[in-house]
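Accompanying notes for the structure given below.
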Amino acid sequence: MHSRTPSRSPAGEGPPGGHPLSPELASALSSARRRAGRGGDRYVDTAHLLHGLLESDPAVRGSLGGPARLTRVLGYLAQRSIGYGMRWQRAVEGAGPRPARHGAADGAGTAPDGRGRGPSGWSPAAVTALEDALERARARGGDRAEGVDLLDALVADPCCRAVEVLRRAGVPPVAPPAPSAAEPVVRSVVADTPVGLS
């Protein structure tokens with residue numbers, strides 16, 4: 001019998017789907033796993049994924065609409081261990097019922113610990129976002145999933161922690177369209193409305 005502690009490095013397995021990843025997306029996932037491990041989190045969640053994307057992928061950083069927004073989002077992500085993020089330690093993200101999403105399989109939201117789909121160490125919401133990102137890459141005919149595919153997948157889930165961070169940082173997300181081979185270029189996924197710094 002193996003004991004599992006919160007300090008154990010989570011998500012030793014790769015993302016579901018077996019689809020090739022861009023170097024930036026692979027780096028973002030590795031960064032998210034390391035950040036979750038350093039923070040003592042049992043699961044990589046969508047906020048970890050967003051943080052990894054912003055660190056690793058210039059296209060994702062550019063989609064936020066400017067350095068002021070990027071600074072605000074990174075500021076909130078860096079403070080997840082205090083304030084609003086404290087309650088995240090008490091629950092697994094996406095363990096309850098979740099809204100229907102494009103590409104989400106039946107049973108989305110089941111725990112990724114052997115009782116449901118998904119690799120151990122990923123929150124159910126993170127698993128769903130990764131699956132959605134891979135589906136978006138396939139639908140647009142891409143030969144590999146990109147960071148912007150995952151960003152679109154994160155923004156498509158209004159209940160995930162990544163979207164909560166964006167909202168709290170004053171970067172209102174805009175739900176992306178369903179993936180389509182006719183729309184291979186991923187647009188910005190945040191609103192163009194100006195954001196005050198107060």
Checklist outcome for this item: Residue hits (region 122-145; touching an Asp or Glu at 6+ places or on another chain (Cβ under 7 Å) and either of a type in the set (D, E, K, R) or at positive phi (or both)) are R136, R140
Next on the checklist: So the check is Cβ under 8 Å with 6+ separation or different chains; which pairs have a first residue in region 57-71 that's farther than 13 Å from D152 by Cβ and a second one that's surrounded by 14 or more Cβ atoms within 10 Å (Cβ to Cβ) and among the charged types (D, E, K, R)?
Outcome noted: P58/E24; L70/R61
Next on the checklist: Pairs please, first residue from region 116-135 and closer than 19 Å to G40 by Cβ and among the aromatic types (F, W, Y), second anywhere and modelled with pLDDT of 90 or more and assigned to a helix (DSSP H, G or I), Cβ atoms under 8 Å, 6+ apart in sequence or on different chains.
Outcome noted: W122/L130
Item to check | Subset tally (residues that are crowded, with 24+ Cβ neighbours inside 10 Å and either among the hydrophobic types (A, V, I, L, M, F, W, C) or not in a helix (DSSP H, G or I) (or both)) for region 138-155 | outcome: 6
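The values are calculated or read from the model by the stated rules, or taken from the named source; none is laboratory data. Since the structure is predicted, the reported quantities are computational estimates derived from the model, not experimental observations. When we count neighbours, we look across all protein chains shown, and the Cβ atoms used for this are built from the backbone with ideal geometry, even at glycine.
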